[in-house]
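A.B. asks: The structure is given below, and queries will be raised subsequently.
The values are calculated or read from the model by the stated rules, or taken from the named source; none is laboratory data. From a predicted model like this one, the values you see are computed outputs, not experimental measurements. Counting neighbours? That spans all protein chains shown, and the Cβs are built from the backbone with ideal geometry, glycine included.
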Amino acid sequence: MKASTLSLAAIAVLASQSVMAAELELKLTNLTQGIHFTPILITAHNNEEHLFEVAMPASTALQTMAEGGNLDPLVAQATAAGSDMAANPAGGLLAPTTSTMTTLMTTDGNDYLSVTAMLLPTNDGFVGLDSWKIPTEAGTYTVYLNGYDAGTEANDELVVAGSGAPGTPGIPAAPGGNAGTGGAGLTSTESNTNVHIHAGNLGDDDLSAGASDLSNTVHRWLNPVAKLTVTVK
């Protein structure tokens, strides 16, 4: 009887673990008019892991992504934490108004979903979702994502080739090809050095001089910047 009881208990444990795992279908839509997302990282993780935290200093891994779009340090961090992930589901940049889809199998204990990608053209802006609790009930859920500022670089709004390295001022690229040159720079300081809601690009209407290299009719944006549709199987 004891062996039978133990056997039943083991089966019950295995059954509960299988229930905890989930298959997710994910669709991420870029809601902006003129901002591209760099390669996207989506992770399912435990309640102690974060890709970023609002009101806290950015990690070096987050800074590397937010200033230059490089996911490698965040992927390494997520791998070390045992997170489940979908890296670069769009196969490159996600253009304005377009969507990408992927599936993600989560394992027991990885009950929280996070998303991040750099916003281009910005200095250190990124689209983000931090630790959204994955529903246990099957169904389709919608989450709107804000744009955040990593707080690691001044938002000078100057497009400077080679500036994607952490600590190098400037916007590394304007993928739409609709930015200017010759700007004087909006600012050289960042007063809030923690991760915070991004104020958005200001831009101006002079793409050969002025204060900014960005266009105030193309590169302006407001939150939310993305829509995430999650289908729990």
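A.B. asks: Looking only at region 58-73, which residues are β-branched (V, I, T) and within 13 Å of G164 (Cα to Cα)? So that I can check it myself, show each step before the final result.
C.D. replies: Residues of region 58-73 β-branched (V, I, T): 60, 64.
Selection gives T64 alone.
A.B. asks: Something else about it: Please go through (1) touching a Gly at 6+ places or on another chain (Cβ under 6 Å); (2) of a type in the set (V, I, T); (3) surrounded by fewer than 19 Cβ atoms within 10 Å (Cβ to Cβ) for T60 and return the number of the only condition it doesn't satisfy.
C.D. replies: Going through (1) touching a Gly at 6+ places or on another chain (Cβ under 6 Å); (2) of a type in the set (V, I, T); (3) surrounded by fewer than 19 Cβ atoms within 10 Å (Cβ to Cβ) one by one, T60 breaks only (1).
A.B. asks: Looking at region 69-83, which of the residues that are surrounded by 19 or more Cβ atoms within 10 Å (Cβ to Cβ) and within 16 Å of D111 (Cα to Cα) is nearest to the chain's Cα centre (by Cα)?
C.D. replies: Here the answer is A78.
A.B. asks: Let me ask another. Which pairs turn up if I take residues in region 27-44 that are touching a residue at least 24 places away in the same chain (Cβ under 8 Å) and under 28 Å from T79 (Cβ atoms) and look for partners that are surrounded by fewer than 22 Cβ atoms within 10 Å (Cβ to Cβ) and basic (K, R) with beta carbon separation below 9 Å, at least 6 apart in sequence or on another chain?
C.D. replies: K27/K227; L28/K227; T29/K227; N30/K227
A.B. asks: Would you be able to say whether some residue in region 101-109 is in a loop (DSSP other than H, G, I, E, B), over 22 Å from H36 (Cβ atoms), β-branched (V, I, T) and in contact with a helix residue (DSSP H, G or I) (Cβ under 9 Å, 6 or more places away or on another chain)?
C.D. replies: yes
A.B. asks: Restricting attention to region 203-233, which residues are surrounded by 15 or more Cβ atoms within 10 Å (Cβ to Cβ) and farther than 22 Å from L94 by Cα?
C.D. replies: D204, D206, L207, G210, A211, S212, V232
A.B. asks: Output the number of the condition that H219 fails; it satisfies all remaining conditions of (1) without any contact (Cβ under 8 Å) to a residue 60 or more places away in the chain; (2) touching a Pro at 6+ places or on another chain (Cβ under 7 Å); (3) within 20 Å of T98 (Cβ to Cβ); (4) not β-branched (V, I, T).
C.D. replies: (1) is the only condition that H219 fails.
A.B. asks: Out of region 72-123, which residues are touching a residue at least 60 places away in the same chain (Cβ under 8 Å) and among the acidic types (D, E)?
C.D. replies: D108, D111
A.B. asks: Turning to a different aspect of this structure: Would a scan of region 141-148 turn up a residue that is crowded, with 22+ Cβ neighbours inside 10 Å, touching a strand residue (DSSP E or B) at 6+ places or on another chain (Cβ under 7 Å), among the β-branched types (V, I, T) and at pLDDT 95 or above? Let's see the steps before the verdict.
C.D. replies: Start the filter on region 141-148 by keeping residues that are crowded, with 22+ Cβ neighbours inside 10 Å, which leaves 145, 147-148.
Narrowing further to those that are touching a strand residue (DSSP E or B) at 6+ places or on another chain (Cβ under 7 Å): 145, 147-148.
In the following step, the residues that additionally are among the β-branched types (V, I, T) were identified as none.
No; the residues of region 141-148 include none that is crowded, with 22+ Cβ neighbours inside 10 Å, touching a strand residue (DSSP E or B) at 6+ places or on another chain (Cβ under 7 Å), among the β-branched types (V, I, T) and at pLDDT 95 or above.
Here is a yes/no grid of residues against (1) farther than 16 Å from F37 by Cα; (2) over 16 Å from the mean Cα position of the chain (by Cα):
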site	(1), (2)
A138	yes, yes
G147	no, no
V160	yes, yes
A173	no, yes
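A.B. asks: Still on this structure: Among the residues of region 138-152, is there at least one that is in contact with a helix residue (DSSP H, G or I) (Cβ under 8 Å, 6 or more places away or on another chain), over 24 Å from A44 (Cα atoms) and assigned to a loop (DSSP other than H, G, I, E, B)?
C.D. replies: Yes, some residue in region 138-152 is in contact with a helix residue (DSSP H, G or I) (Cβ under 8 Å, 6 or more places away or on another chain), over 24 Å from A44 (Cα atoms) and assigned to a loop (DSSP other than H, G, I, E, B).
A.B. asks: Another question about this same structure. Among (1) touching a strand residue (DSSP E or B) at 6+ places or on another chain (Cβ under 6 Å); (2) among the hydrophobic types (A, V, I, L, M, F, W, C); (3) under 30 Å from A161 (Cβ atoms), there is one condition A44 misses while meeting the rest; what is its number?
C.D. replies: (3)
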